[in-house]
Amino acid sequence: GAVVSQHPSWVICKSGTSVKIECRSLDFQATTMFWYRQFPKQSLMLMATSNEGSKATYEQGVEKDKFLINHASLTLSTLTVTSAHPEDSSFYICSAGGTVNQPQHFGDGTRLSIL
Amino acid sequence: AQSVAQPEDQVNVAEGNPLTVKCTYSVSGNPYLFWYVQYPNRGLQFLLKYITGDNLVKGSYGFEAEFNKSQTSFHLKKPSALVSDSALYFCAVRDDASGATNKLIFGTGTLLAVQP
């Protein structure tokens, strides 16, 4: 079946640094990928839609300059959390693939902890 | 606007008993409905979907769901729960009137706890 790989699975870093998270579709091409944020015991919040070869579409309230998304190829999208602060600590999940009536495939998530 | 409601934050059931996790939805067009399961510190795994056709949909790990158009519901069910079914379950919907986007709208999730 379709596999989405997300890396790293866990990252701890100091406040003020930037962190890059990768999302790869391993056995299929994805013109669209999605980035979600999940707080403890809460649902997924869609942050943005990553579009291959064009700008990402951000959801209302998500800071574009804070969460940089790049989708340079059909198999890779990256989310960079710039100048990270403790309030950015969260579980970030990407998904790829699917169509209107086919399921998306999710990565295993990245636990980001900012000290 | 599209929306999904999962009215129960948590469902507790004894192993071997049937389980139901509730989901209702609101869309302007025809719904495409999905159930996903999430284990701790993992991404979401697809369980089953309803697009069209039979109202009773069978999916992975013995789960099934029943689409009820009049009640706008898509409850997840399993005849006999296992301890290993304990996880967080998400209902999601896409609206065929929403254009080309395949963006999913998720419910708030229901934590299923199966006691031995």
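The values are calculated or read from the model by the stated rules, or taken from the named source; none is laboratory data. It should be emphasised that the depicted structure is a prediction, and the values quoted were computed from it without experimental measurement. Note that each Cβ is placed from the backbone with ideal geometry, even for glycine, and that neighbours are counted across all protein chains shown.
Here is how the numbers come out for the structure above:
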item	result
Selection within the range B:65-90 - assigned to a loop (DSSP other than H, G, I, E, B) and within 21 Å of A:Gln42 (Cβ to Cβ)	B:Ser86
Count of residues meeting criterion [closer than 19 Å to B:Lys103 by Cβ, touching a residue at least 24 places away in the same chain (Cβ under 8 Å) and either more than 7 Å from chain B (Cβ to nearest Cβ) or within 10 Å of the chain's Cα centre (by Cα) (or both)] in the range A:87-105	7
Set B:Val57, B:Val37, B:Val13, B:Val21: member being buried (at least 18 other Cβ atoms within 10 Å of the Cβ), at pLDDT 95 or above, within 15 Å of the chain's Cα centre (by Cα) and more than 18 Å from A:Gln102 (Cα to Cα)	B:Val21
Selection count, the range A:15-40, where residues are modelled with pLDDT of 95 or more, out of contact with any helix residue (DSSP H, G or I) (no Cβ under 9 Å at 6 or more places or on another chain) and either exposed (fewer than 12 other Cβ atoms within 10 Å of the Cβ) or not in a strand (DSSP E or B) (or both)	3
Verdict on A:Lys41 being under 28 Å from B:Val93 (Cβ atoms) and not small (Gly, Ala, Ser)	yes
Long-range neighbours under 6 Å by Cβ, at least six apart or interchain, first residue facing chain B (nearest Cβ under 10 Å) within the range A:30-45, second buried (at least 16 other Cβ atoms within 10 Å of the Cβ) and among the hydrophobic types (A, V, I, L, M, F, W, C)	A:Tyr36/A:Leu44; A:Tyr36/A:Leu46; A:Tyr36/A:Ile93; A:Gln38/A:Leu44; A:Gln38/A:Phe91; A:Ser43/B:Phe106; A:Leu44/B:Phe106
Matching residues, the range A:1-14, being over 21 Å from B:Leu104 (Cβ atoms), within 12 Å of the chain's Cα centre (by Cα) and outside any loop (DSSP other than H, G, I, E, B)	A:His7
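This table checks each residue for (1) closer than 19 Å to B:Ala5 by Cα; (2) within 10 Å of the chain's Cα centre (by Cα); (3) more than 11 Å from chain A (Cβ to nearest Cβ).
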site: B:Pro31; (1), (2), (3): yes, no, no
site: B:Arg42; (1), (2), (3): no, no, no
site: B:Gln45; (1), (2), (3): no, no, no
site: B:Thr52; (1), (2), (3): no, no, no
site: B:Ser80; (1), (2), (3): no, no, yes
site: B:Phe90; (1), (2), (3): yes, yes, no
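For (1) aliphatic (A, V, I, L, M); (2) touching a Pro at 6+ places or on another chain (Cβ under 8 Å), each residue gets a yes or a no:
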{"residue": "B:Trp35", "(1), (2)": "no, no"}
{"residue": "B:Gln38", "(1), (2)": "no, no"}
{"residue": "B:Gly43", "(1), (2)": "no, no"}
{"residue": "B:Leu48", "(1), (2)": "yes, no"}
{"residue": "B:Phe63", "(1), (2)": "no, no"}
{"residue": "B:Ser80", "(1), (2)": "no, yes"}
{"residue": "B:Val83", "(1), (2)": "yes, yes"}
{"residue": "B:Tyr89", "(1), (2)": "no, no"}
{"residue": "B:Val93", "(1), (2)": "yes, yes"}
